[in-house]
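For reference, the structure discussed in these notes is given below.
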Amino acid sequence: MNRKWVRTLSNKYVLISAIFLSWMLLLDSNNYFIHKELNDDIEELEKNKNYYQEEITNDLEFIEKMKDTTELEKYARENYFLKRENEDIFIITDSDSIAPTDD
């Protein structure tokens with residue numbers, strides 16, 4: 001029985017096949033481990049793709065909303081403190097953000 005294994009393992013086709021398989025699995029530039037890493041990278045890129053597609057749709061909705069002049073004026077007033085002529089703007093902050101003075 002022991003001779004049968006030795007004879008089988010010393011067969012040139014078995015040796016060449018074993019060397020070829022070990023080369024493909026471990027040493028080749030397209031081996032299993034690199035494919036696993038690439039699949040992980042692909043999954044991460046798919047997540048990024050979905051995130052950025054959602055951001056694009058949100059931005060397109062925002063752009064469509066800003067085509068209306070009243071919405072544009074409202075946005076400018078809220079975020080950039082713009083005002084009309086003869087108007088005064090008072091910026092009110094939280095009481096926590098105002099430091100007490102020592103008089």
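On the basis of being touching a Ser or Thr at 6+ places or on another chain (Cβ under 7 Å) and either part of a helix (DSSP H, G or I) or not small (Gly, Ala, Ser) (or both), does VAL6 make the cut?
Values: touching a Ser or Thr at 6+ places or on another chain (Cβ under 7 Å): no; either part of a helix (DSSP H, G or I) or not small (Gly, Ala, Ser) (or both): yes.
In short, no.
Let me spell it out: the conditions are (1) surrounded by 10 or more Cβ atoms within 10 Å (Cβ to Cβ); (2) modelled with pLDDT of 90 or more, and LYS67 meets all of them except one. Which number is the exception?
(1)
Please specify each residue of the range 48-67 satisfying the condition of being in a helix (DSSP H, G or I) and basic (Lys, Arg). Before the answer, list the steps.
Of the residues in the range 48-67, the ones in a helix (DSSP H, G or I) are 48-66.
If the condition is that a residue be in a helix (DSSP H, G or I) and basic (Lys, Arg), then LYS49, LYS65 are the ones that fit.
Which of the residues spanning the range 1-39 are within 40 Å of the chain's Cα centre (by Cα) and of a type in the set (S, T, N, Q)?
Looking only at the range 1-39, we keep the residues that are within 40 Å of the chain's Cα centre (by Cα), and these are 19-39.
Correct list: SER22, SER29, ASN30, ASN31, ASN39.
With the structure loaded, tell me whether GLU46 is under 30 Å from GLU71 (Cβ atoms) and of a type in the set (Asp, Glu) or whether it fails that test. Before you say what the answer is, go through the steps one by one.
Details: under 30 Å from GLU71 (Cβ atoms): no; of a type in the set (Asp, Glu): yes.
Here the answer is no, as GLU46 does not meet what is asked.
Show the residue pairs that are 6+ apart or on different chains and have beta-carbon atoms under 7 Å apart, the first residue being within the range 68-85 and in a helix (DSSP H, G or I), the second being surrounded by 12 or more Cβ atoms within 10 Å (Cβ to Cβ).
Filtered contacts from the range 68-85: GLU71/LYS65; LEU72/MET66; TYR75/MET66; ALA76/LEU82.
The values are calculated or read from the model by the stated rules, or taken from the named source; none is laboratory data. This one's a predicted model, so the numbers in the text were calculated from it and none came from an experiment. We place every Cβ from the backbone using ideal geometry, glycine too, and count neighbours over all the protein chains shown.
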